[in-house]
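See below for the structure under consideration.
The values are calculated or read from the model by the stated rules, or taken from the named source; none is laboratory data. What you are looking at is a predicted structure, and each value in this text was computed from that prediction instead of being measured. Cβ: placed from backbone, ideal geometry, glycine included. Neighbour counts: every protein chain shown.
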Amino acid sequence: MVRRHAFHYRYDTAAELKLLNALYALVRVRLNLFTATTKAVGWRSNKHGKKTRIYDKPRTPYQRVIDSGILTEAKAAELAQLMEITNPADLTRGITKIQTQLIALAAAKTRALEASSTRAEIAEARTTLSRAS
């Protein structure tokens, strides 16, 4: 989940850490409240004996934990309130906004690195080495 939402850039500044923490908070809420998943519940065999998995109906992690009955009344009410006040479209817009900021920060670092390198170093890095070297 981390690389799916934060991409494969290197983040090593305090500003990027702050953005990543905000991103993970939004992704966590969207994943747990609005992303339905299926869970494997068993196996079945077809007429030729090949086994295949059986899955339950898609449900969100929020629905699964509510149905399990392990939450206290206060925690269940807190989650229900979070579910009611959360707008999935706003979550997606917030995630996209943070991702755009992270990409801009990573691009700025890349441009600064390329500007500090000489053209000869860049050309040398792009040439392939022979087996003799």
Hey, any hits in region 38-50 for a residue that's assigned to a helix (DSSP H, G or I), of a type outside the set (Gly, Ala, Ser) and modelled with pLDDT of 95 or more?
no
When ASP12 is run through (1) closer than 23 Å to ALA104 by Cβ; (2) in a helix (DSSP H, G or I), the failure sits at (2)
Selected residue (criterion: farthest from MET1 (Cα to Cα)) from residues of region 30-57 that are among the basic types (Lys, Arg) and in contact (Cβ under 8 Å) with a residue 12 or more places away in the chain:
ARG53
Just for region 81-120: of the residues that are modelled with pLDDT of 95 or more and small (Gly, Ala, Ser), which one is farthest from the chain's Cα centre (by Cα)?
ALA89
Among the residues that make up region 61-79, is at least one of them among the hydrophobic types (A, V, I, L, M, F, W, C), loosely packed, with under 12 Cβ neighbours inside 10 Å, assigned to a helix (DSSP H, G or I) and modelled with pLDDT of 95 or more?
yes
Lone unmet requirement of (1) assigned to a loop (DSSP other than H, G, I, E, B); (2) at pLDDT 95 or above; (3) surrounded by 15 or more Cβ atoms within 10 Å (Cβ to Cβ); (4) not acidic (Asp, Glu) for LEU26:
(1)
